[in-house]
Amino acid sequence: MDELELKFEVPAERRDRVIAAVRRGEAPRVRLQATYYDTPDARLARQGLALRLRKEGRVWKQTLKGTGDHALHRLEHEVDLPTPPRAGIPDIDIARHDGTPAGERLRLALQTAPDEPPVALQPLYTTDVWRETRLLRVPGGTLVELAFDEGRIVASDREVPIRELELELKKGSPAALIKLARRWALQHGLWLSTISKAQRGEQLARGEAHGPAVKAHPPRERAPRSRVAELRAVIGACLEQILPNASEVAAGGASDEHVHQLRVGIRRLRTALRELGGLSPQVNPAWEGPLVQAFRNLGAVRDRETVLQAVRPQLQAAGAPAIELPPPTEALPEPTQVVRASEFQQVLLELIEFSLGEDAPDAQVEPPKATRQDAADRIKKLHRDVVRDGRRFERLDVPSQHRVRKRLKRLRYLAEFVAPLFGEKAVENYLSQLRPAQDALGLHNDDAVALEKYHEAAPQDPRLWFAVGWLTARREVTARQCRKALAKLDDAPRFWKK
């Protein structure tokens with residue numbers, strides 16, 4: 001079975017109101033006690049699988065879940081088990097899932113060489129949750145299950161609390177599910193989380209504060225039937241980077257890399273909307289505002305900490321005195337609150353709704369040539385603009401130089417988005433020619449950010465003028481390096497001409 005659900009974290013101060021809202025209809029309460037299994041080397045977790053035994057009231061079930069073809073889709077296969085004798089725990093048996101898509105992935109994950117013994121599964125962590133559920137009928141025939149979960153995850157002597165609301169589509173339209181979710185999120189101050197109980201349990205069992213930061217990957221749909229379908233696939237791919245990183249940041253305690261990859265995902269998404277958004281009238285220009293605001297607020301933290309950490313050792317090597325920037329005069333945005341903001345959460349939900357849309361069954365399939373030509377025209381223009389400005393890079397002012405860097409990023413992202421249309425190898429060959437220019441422009445931009453910070457603070461601490469002078473002198477060197485790197489793009493193989 002392929003399930004679609006949205007999960008939200010519930011802040012402690014909104015708990016009672018959420019419970020009261022769930023209880024407005026018939027909301028049975030049941031205790032769910034589960035044990036999750038994996039191999040000692042986490043084979044199931046690495047393949048996006050979770051295998052559990054769960055007691056639901058007096059009933060035992062074995063469930064296998066796996067990641068689906070979208071950040072919110074899950075493969076699931078569940079088996080009711082007979083009551084074990086003497087109130088014991090049933091044995092885990094992977095054969096119960098044979099003949100299902102999830103079961104096939106489970107067998108592959110546990111596959112061993114012919115001369116090796118079978119891989120043993122072991123219990124890793126448990127969950128103990130009280131769940132209240134309510135079935136909600138939405139006008140138009142859609143049926144959604146609301147489930148409020150409260151409890152804990154336990155691994156050895158460690159535990160973390162659970163307080164979340166799930167909305168699962170039982171029947172009907174994904175769009176209706178998401179519209180309902182938007183109302184609940186806005187009314188109760190909820191924020192999306194794609195971190196499953198299994199993922200949180202894995203992290204807890206292994207003593208990890210959070211999961212790994214998620215990097216970008218290509219769209220899953222390799223041959224979209226229309227340009228709108230292509231755009232949906234691209235936005236879906238962007239969300240698969242944004243949602244897990246945003247979930248970790250919203251949970252608190254995420255690493256700098258989570259914030260960085262979240263910003264990369266937002267930048268890629270904005271590129272998709274800017275360069276391909278005209279393919280669909282459903283793209284809402286109002287999405288841009290909250291995306292820009294989140295991107296800038298998250299960047300304020302990165303600009304000060306990450307950039308200055310990179311520049312500081314170079315200044316010391318150049319003989320700078322022991323200098324530190326004074327604390328910022330205004331409080332920097334807190335990444336957790338940036339992501340939890342209702343405006344940002346609402347845009348994410350609208351984008352999810354768009355990405356889950358489908359072409360009408362009778363929609364005409366567009367020829368690949370038309371889609372390729374449209375993409376080629378956009379890439380050609382970006383490439384031409386970057387090469388033109390690269391020739392005069394040293395003469396450009398700082399904002400114009402920064403614009404070249406942003407265009408180069410858009411060029412890279414757009415090429416990655418449309419790679420299936422032109423051939424992965426040809427596009428990768430082109431992208432390899434872009435990377436030296438990206439690196440040069442990145443260094444030049446980091447110096448510009450650091451120079452601005454030191455220049456602002458220098459009147460309060462004269463020692464900082466050393467950094468201002470050194471960075472000012474180096475800008476001439478890095479600008480020249482940028483011009484030379486950008487000049488090489490003129491010889492890059494133009495895959496869009498083939």
Tell me, yes or no, whether segment 382-393 has at least one residue that is touching a helix residue (DSSP H, G or I) at 6+ places or on another chain (Cβ under 6 Å), of a type in the set (Val, Ile, Thr) and modelled with pLDDT of 95 or more. yes
Cβ contacts < 6 Å: first residue closer than 16 Å to residue 449 by Cα, restricted to segment 306-332; second residue modelled with pLDDT under 80 and outside any loop (DSSP other than H, G, I, E, B), any location; separation 6+ or different chain. Result? 332/301
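Does residue 230 satisfy the condition of being in contact (Cβ under 8 Å) with a residue 40 or more places away in the chain, surrounded by 18 or more Cβ atoms within 10 Å (Cβ to Cβ) and not in a strand (DSSP E or B)?
So residue 230 passes the test.
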At positive phi and in contact with a helix residue (DSSP H, G or I) (Cβ under 9 Å, 6 or more places away or on another chain) - does that describe any residue in segment 312-319? yes
Take residue 129 and decide whether it is among the β-branched types (Val, Ile, Thr), closer than 30 Å to residue 181 by Cα and either in the same structural domain as residue 177 (by TED's automatic domain parsing) or in a loop (DSSP other than H, G, I, E, B) (or both). yes
Between 195, 178, which is in a loop (DSSP other than H, G, I, E, B) and not assigned by TED's automatic domain parsing to the domain that holds residue 356? 195
Residues of segment 244-276 being more than 18 Å from residue 411 (Cα to Cα), in contact (Cβ under 8 Å) with a residue 40 or more places away in the chain and buried (at least 22 other Cβ atoms within 10 Å of the Cβ), in sequence order, are 244, 246, 247, 248, 249, 250, 254, 258, 259, 261, 262
For segment 127-149, state whether one or more residues are surrounded by fewer than 17 Cβ atoms within 10 Å (Cβ to Cβ) and under 27 Å from the mean Cα position of the chain (by Cα). yes
Applying the selection to segment 1-37, what residues are loosely packed, with under 13 Cβ neighbours inside 10 Å and in contact with a Ser or Thr (Cβ under 8 Å, 6 or more places away or on another chain)? 28
Is one or more of the residues making up segment 80-94 of a type in the set (S, T, N, Q), surrounded by 15 or more Cβ atoms within 10 Å (Cβ to Cβ) and modelled with pLDDT under 95? no
Can you tell me which residue is farthest from residue 36 (Cα to Cα) among those in segment 185-202 that are surrounded by fewer than 20 Cβ atoms within 10 Å (Cβ to Cβ) and out of contact with any helix residue (DSSP H, G or I) (no Cβ under 7 Å at 6 or more places or on another chain)? 187
Find the helices (runs of 4 or more DSSP H) located wholly in segment 384-498 whose residues include 3 or more that are surrounded by 21 or more Cβ atoms within 10 Å (Cβ to Cβ), and list them. 398-417, 424-457, 465-487
Across segment 240-282, the tally of residues that are under 15 Å from residue 349 (Cα atoms) and either touching a Lys or Arg at 6+ places or on another chain (Cβ under 9 Å) or at pLDDT 95 or above (or both) stands at 9
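The values are calculated or read from the model by the stated rules, or taken from the named source; none is laboratory data. Since this is a predicted model, take the numbers as computed values, not measurements. Glycine also receives a Cβ, built like all others from the backbone with ideal geometry; neighbour counts cover every protein chain displayed.
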